[in-house]
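Please treat every number below as a calculation from the coordinates, not as lab data. The structure presented is a predicted model; accordingly, all values stated were derived computationally and were not measured. FYI the Cβ positions are ideal-geometry reconstructions off the backbone, even for glycines, and counts take in every protein chain you see.
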Amino acid sequence: MKKNLPLLLMLATMLLQACTNTITPTAAVTTVEPIASEAVLVTPDAAPSAEPSLTPPVIEPVVHVTIPSAGTSDRATAHDNENSLFFDTKKVKTGDEFYKNRLERPFTSVDMVYLPDLDIVNFSITSDEKFFYIKISMVDFDTATKSLTGSYGVEIDRNADGRAEILLTTRAPYTTEFTADNVAAYLDINSDVGGNNINRPDDFAGDGYEAVIFDLAQGVYPEGDPDLVWVRQTTDSDLPAVEIAFEKWIFKDGKEAFMWSVLSSDVPVNPANFYFHDHLTAEEAGAANTDDPNYPLKNLAAVDNTCRVPLGFQAVGNEPLGCYVKGGESEAKETPLADGPESTCGQFIELCAKVK
Ligand SMILES: [Ca+2]
Ligand SMILES: [Ca+2]
Ligand SMILES: [Ca+2]
Ligand SMILES: [Ca+2]
């Protein structure tokens, strides 16, 4: 097999070129100003490294119809711990509790060099008719490049049981115009994020958010809808920020109520590794607090995340991973159930129908 590889790659390239030449963008049919994403050129180098195939994926250019502008109704703002004043101590006093899935780790592994463009400060949500807009602001740009270099993300937990169903992530570089080209969305179709003890470490062998449902670079989007998720760079007063927009229709079959949190990472997170404390031990992960025997950060470094805030409903105060937990957060034990009304696809019937 191995010695045929160059020939296969050459054939694949020829096929690809032949296909690329026949692509003709289709015209938009609505009055909304369309933005055509650039076609993604798949080269043998960029193609998946698994078995070479004679039929490489040809990614058709998409024509965007529903394009975000700006949220008009201000709905909620929350704050994360931030480390801009004492980062040179190379430690975090509060906000990093690995076993509770609460991370405050905007530092490099072992050396504990501060990464201001990963240190989440504020997270807020607005909406308009078609989109929710989640803004995440950071302490500062990356010191070397003066840009936002991280991957930023949103987790959505619709039934507030601590087990998020949807993960949205972004990839640098960012532009001030919304683009759908460097975002991805993942779904936990078998509803096992969090394992048996949702908000504490356990050894349940879960697969996290196992389904890619949106990634235009892979040609993946829900049936008929290449407009699901977008990102742009913006500001939050004088702080640099990204804004992630996602379409509201995913809640169409019920009310627009959910809990949500945000995260940052220096590299795009692996959606299979959620929640991190189910896939790494505390020793492997390291710690950001010098009082912790696992200090410094090790395999779980250069990340930040936040507690979850409710949208569209009043939190009771016992929501696992929630920001407003009264009298201390308690453990939430629940065996994952892939089916039924509380499963991911039980809650997101329309979305699952378009991706299954
Ligand atoms: Ca945090
Ligand atoms: Ca932070
Ligand atoms: Ca849930
Ligand atoms: Ca899963």
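Brief remarks on what is shown
- Ascending count of other beta-carbon atoms within 10 Å, so fewest first, for 126, 175, 169: 175, 126, 169
- Its Cα gyration tensor gives segment 108-264 an equivalent ellipsoid; the semi-axes, largest first and in whole Å, are 25, 21, 15.
- Cβ-defined net charge surrounding residue 196, 10 Å radius [Lys, Arg +1; Asp, Glu -1]: -3
- Separation between Cα centres of segment 284-356 and segment 82-142, rounded to whole Å: 16 Å
- Overall dimensions of segment 276-356, expressed as equivalent-ellipsoid semi-axes from the Cα gyration tensor (√(5λ), whole Å, largest first), are 31, 19, 13.
- Largest-first ellipsoid semi-axes for segment 68-354, taking √(5λ) over the Cα gyration tensor eigenvalues, angstrom: 27, 23, 17
- Computed over all pairs of different Cα atoms, the Kirkwood value for the hydrodynamic radius of segment 215-341 is 18.3 Å.
- The simple Förster model, with R0 at 41 Å and r as the Cβ-Cβ distance, assigns residue 147 and residue 335 a FRET efficiency of 0.40.
- Here is the list for segment 203-272: trypsin sites (Lys or Arg not before Pro) lying in DSSP coil, each with at most 11 other C-beta atoms within 10 angstrom of its C-beta, are 255.
- Fewest neighbouring Cβ atoms within 10 Å first, the residues 60, 129, 247 line up as 129, 60, 247.
- For segment 177-243, alpha-carbon Rg relative to the globular expectation (2.2 N^0.38 Å, N residues): 1.47
- Residues 64, 277, 79, arranged from fewest to most other Cβ atoms within 10 angstrom of their Cβ, appear as 79, 64, 277.
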